[in-house]
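Read through the structure below, which is laid out as structure tokens, and then see the notes.
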Amino acid sequence: MIRKIFVSLAAVLALWVAFAPAVSALAQPLEEVPPEDYACAAALLMEPESGQVIFEKNGDLKRPVASVTKIMTVLLALEAIDGGSLELEERVTVSPNAASMGGSQALLDAGEKQSAEALLQSVIVGSANDSAVALAEHMAGSVELFVERMNRRARELGMEDTRFINVTGLPGEGQYTTAHDVAVMARELCRHDLFFRYSGVWMYDFVHESGRVTRLSNTNKLIRLYDGCDGVKTGSTAAAGYCMAASAKRGNMRLIAVVLGSDSGRARFDAAARMLDYGFAAYRVYPVAEMGARVRGEARVTGGEKDSVPLRLGGDLTLLLKRGEEQKVTLEPEAPPILTAPVREGQTVGHVRVLMEGREVGRVPIVAAEDVGSLAFPGALGRTLHKWAMGK
């Protein structure tokens, strides 16, 4: 019976929750208030696999974030590489406009040609404004058109409190974002393995076309000071204060800490490190379901070429939980007692509700593992008579 099938499924899922790790998202932060008062204007700690926010401080406060803006610039470049519209070895000609950028620079010469990879690495490691503009102009034709792409991508990611006016984060009227939105774009950036090829580099010798070398050091000091830190981006201006998004991974869990508006670089790094410390100490990730896992037993089918159909899980689901709280997770199956042919492979036939202390935090679909066609009328009649004769 299908009810017995679900009992078996619940037992299997309970074992997954207890013994293996991964993650799932709740709508609200797991903690109503931060564990301490961090010395900054806004802060947020997120587990990026699920997008679950652990805690936040003024998470939706709109403010400038200086070079943290370049997270979106780098993200669009990586997406272009993945999509095939930009190649790492592609040559980029540096415009006078790009070479004129102030602030952090690779000290590009107007007219020099560089590979997209060299420019990208100089943005990730050294926060080079000139390289960011050179890439933007090359990819979109102009900075203005690239900024349009940035804002469009922000809307696609649900970054409702963000507006970009340039690709660098240099001061400008009307440019702002929030700790929450920074975490969202940092989370998206962390999906790209190529980013981590460069983000952990401490010193980078940028070789110009002329042979001149500009030595760039990583602006994210936590990659040397914090165990597991491998990105993401820092920034500072008078208006923004000292800002950063920091990514760190320990074991199977990654966390992103966002700190905006600290009074000093040291305070920014210290706050991010303490936030990450808290997250790694207090939380773990637990898998609830893995797509494609077979469910024991089979569901009954009426009117079909077969009397039953095997089932499997139609999605992944993991939970981010405080250590020791896995016993608060319960599973509640919901499905009809019998299916009617035809049944198609991949067809959703039910689901398991995942509850945390009685509150639903996710659903795992249960799908048919194969097709079961409808039985033609003569065949169906014959099968019915056979079962009757056999006393079934």
Could you tell me how many of the residues in segment 106-117 are surrounded by fewer than 19 Cβ atoms within 10 Å (Cβ to Cβ) and either among the aliphatic types (A, V, I, L, M) or at pLDDT below 95 (or both)? 2
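For segment 193-220, give me each residue that is surrounded by 18 or more Cβ atoms within 10 Å (Cβ to Cβ) and not polar (S, T, N, Q).
Passing the criteria: Phe195, Tyr198, Tyr204, Phe206, Leu216.
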Suppose we filter segment 75-94 for residues that are closer than 16 Å to Ala118 by Cα and either at pLDDT below 95 or out of contact with any Lys or Arg (no Cβ under 8 Å at 6 or more places or on another chain) (or both); how many remain? 9
Is it the case that segment 71-89 has a residue that's surrounded by 21 or more Cβ atoms within 10 Å (Cβ to Cβ), assigned by TED's automatic domain parsing to the domain that holds Val213, within 24 Å of Gly172 (Cβ to Cβ) and not aliphatic (A, V, I, L, M)? yes
Within segment 247-271, residues being touching a Phe, Trp or Tyr at 6+ places or on another chain (Cβ under 6 Å) and aromatic (Phe, Trp, Tyr) number 0
Applying the selection to segment 95-113, what residues are of a type outside the set (Gly, Ala, Ser), under 30 Å from Ile223 (Cα atoms) and touching a helix residue (DSSP H, G or I) at 6+ places or on another chain (Cβ under 7 Å)? Met101, Gln105, Leu108, Asp109
Looking at this structure, is Leu120 modelled with pLDDT of 95 or more, surrounded by fewer than 24 Cβ atoms within 10 Å (Cβ to Cβ) and not charged (D, E, K, R)? no
Condition first: over 15 Å from Ile124 (Cα atoms), touching a residue at least 60 places away in the same chain (Cβ under 8 Å), buried (at least 24 other Cβ atoms within 10 Å of the Cβ) and small (Gly, Ala, Ser). Now tell me which residues in segment 242-260 satisfy that. Ala257
Step by step: first the residues of segment 294-305, then only those that are within 25 Å of Met356 (Cα to Cα) and surrounded by fewer than 17 Cβ atoms within 10 Å (Cβ to Cβ), then the one that is farthest from the chain's Cα centre (by Cα). Which residue is that? Arg296
Within segment 268-313, track down each residue that is part of a strand (DSSP E or B) and of a type in the set (Ser, Thr, Tyr). Tyr283, Tyr286, Thr302, Ser308
Residue list for segment 317-345, filter: within 25 Å of Leu30 (Cα to Cα) and surrounded by fewer than 18 Cβ atoms within 10 Å (Cβ to Cβ): Lys322, Arg323, Gly324, Glu325, Glu326, Gln327, Lys328, Thr330, Glu332
What number of residues in segment 45-70 are assigned to a helix (DSSP H, G or I) and under 25 Å from Pro34 (Cα atoms)? 3
For segment 175-267, give me every one of the strands (runs of 3 or more DSSP E) that falls completely inside it and has 2 or more residues that are closer than 17 Å to Ser50 by Cα. 241-250, 253-262
Name the pairs whose Cβ atoms lie under 8 Å apart, with the first residue in segment 271-290 and within 15 Å of Glu56 (Cβ to Cβ), the second assigned to a helix (DSSP H, G or I), and 6 or more positions between them or separate chains? Ala272/Leu222
Count of segment 175-229 residues which are among the aromatic types (Phe, Trp, Tyr), under 24 Å from Cys40 (Cα atoms) and within 17 Å of the chain's Cα centre (by Cα): 0
Selected residue (criterion: farthest from the chain's Cα centre (by Cα)) from residues of segment 130-174 that are surrounded by 15 or more Cβ atoms within 10 Å (Cβ to Cβ) and hydroxyl-bearing (Ser, Thr, Tyr): Ser131
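The values are calculated or read from the model by the stated rules, or taken from the named source; none is laboratory data. Everything numeric here is computed off the predicted structure, so don't read it as measured data. When we count neighbours, we look across all protein chains shown, and the Cβ atoms used for this are built from the backbone with ideal geometry, even at glycine.
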